[in-house]
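J.: I have a structure I would like to understand better, so I am pasting it below and will then ask my questions one at a time.
Each reported figure results from applying straightforward, stated rules to the coordinates on display, with no laboratory input. On a predicted model such as this, the values are computed, not experimentally measured, just so you know. Because the Cβ atoms are built from the backbone with ideal geometry, glycine has one as well, and the counts that use them run over all protein chains shown.
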Amino acid sequence: MTFSIIGHCPRTGAFGAAIATSDLAVGNRCVRLAHGRGAMLSQHRTDSRLGDLGIAALQEGQSADDAVTHVISSSPDIEWRQLGALDHTGRSAVFHGRRMYSIYTHSTGKNCLALGNILDNEHVTDAMANAFQQQPNQPLAERLLQALEAGLAAGGEVLGTLKSAALQVTGDHGIAAVDLRVDISDGRAVPDLRHLFDAYKGREAGLRAVALEPDSVPVQAKLFNASIQRIAQLGLETRFPTATHRDSWTVAD
């Protein structure tokens, strides 16, 4: 009951994924990514440990085929699972367990793999892979989200009530460029994810600076002044002497 896509940007080394399902909190269960190394999907009666195992193999430099083969051999319940891997060369590999009872497919394109189960029809993943390849110069996150939207437009899941979705893209220094999750939605997980992503656009550089160069990011004047005022109201100036040391912070509107 999941449709997803993993993709790679050779220019930046980033890997990313977009995924939606009719269950809760799909983002933390099915997707595993490693910057510059690969992407792994583990879905359908998901065992998140299989994703962990697969991404570890890709991080070691194994091919997508070898990573999937390694995961398959690790589990006695593998016939319940659906796996997909994309390695740093752009090659992909998949596994569809024989205990899946629904329409399930996968589709490949340049630097992408779309994967789905309990689908409305056999064309969903084709639509996703095709959408991913339409505008190769767009940012990876946008291409992945457009692919997810194309999968929904093509039919998505068989019952169509999507409760969760996620969009993830890796970044250097171990800091994700995008990691957005709609963990519970009233059947509108993909539109909700688009709304969240549109609100997030433009924040990536600032959030990266907060992590890597915190001294370069000014303190927000509104929060700074409100904090000083509240400290004074509570008589906590000795414990929090911010007002006395204003010059220690760069403050901006």
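J.: I need the calculated FRET efficiency for the pair ASP198 and ARG239, taking r as the beta carbon distance and R₀ as 45 Å, to the nearest 0.05.
T.: With R0 = 45 Å, the Cβ-Cβ based efficiency is 0.65.
J.: Could I ask something else about it? Would any residue of segment 46-83 have its amide N under 12 Å from a label point 7 Å out along Cα→Cβ of MET100? List them or say none.
T.: 46, 79-83
J.: For the chain, take the longest principal axis of its alpha carbons; what is the angle in degrees between that and the long axis of helix 140-153, to the nearest 10 within 0 to 90?
T.: Around 50 degrees separate the two axes.
J.: For segment 2-207, what does the relative contact order come out to in percent, with C-alpha contacts under 8 Å and a separation of six or more?
T.: This gives 24 percent for segment 2-207.
J.: Going by Cα centres, segment 110-169 and segment 37-87 are how many Å apart?
T.: Each part reduced to its Cα centre gives a spacing of 20 Å.
J.: Then there's this: Sort 14-21, 172-179, 123-130 by the packing proxy (mean of other Cβ within 10 Å over each peptide's residues), most packed first.
T.: The peptides rank, most packed first, as 14-21, 123-130, 172-179.
J.: Charges at C-beta only: +1 for Lys and Arg, -1 for Asp and Glu. How large is the resulting dipole of segment 144-192 about its Cα centre, in Debye rounded to 20?
T.: Using Cβ point charges on Lys, Arg, Asp and Glu, segment 144-192 gives about 80 debye.
J.: Divide, for the chain, the radius of gyration over alpha carbons by 2.2 N^0.38 Å, where N is the residue count.
T.: Expressed relative to 2.2 N^0.38 Å, the Cα Rg reads 1.19.
J.: Only helical DSSP H runs with n ≥ 4 go in: add -39500 (n - 2.57) per run for the chain, normalise by residue count and round the 222 nm mean residue ellipticity to 500 deg cm²/dmol.
T.: -9500 deg cm²/dmol
J.: Angle, helix 48-59 long axis vs. longest principal axis of the chain, Cα atoms, 0 to 90°, nearest 10?
T.: In the chain, helix 48-59 runs at an angle near 90 degrees to the longest axis.
J.: How long is the gain from GLN138 to ARG45 if the chain were fully straight, where each residue apart is worth 0.36 nm and the alpha carbon distance is subtracted?
T.: Separation in residues times 0.36 nm, less the Cα-Cα distance, equals 30.2 nm.
J.: Restricting to the chain, compute how many DSSP beta bridges are antiparallel as a %, nearest 5.
T.: Here the antiparallel bridges make up roughly 95 percent for the chain.
J.: Under a cut-off of 13 Å between alpha-carbon atoms, report the aspartates and glutamates in cross-link reach of LYS163, not counting same-chain residues fewer than 8 places apart.
T.: Qualifying aspartates and glutamates at Cα under 13 Å: ASP23, ASP183, ASP186, ASP192.
J.: Where a Cα-Cα gap under 24 Å defines reach, which lysines qualify for LYS222, not counting those fewer than 8 residues away within the same chain?
T.: LYS201
J.: Which order do the peptides 198-211, 32-45, 63-76 come out in when sorted by mean C-beta neighbours inside 10 angstrom, highest first?
T.: 32-45, 63-76, 198-211
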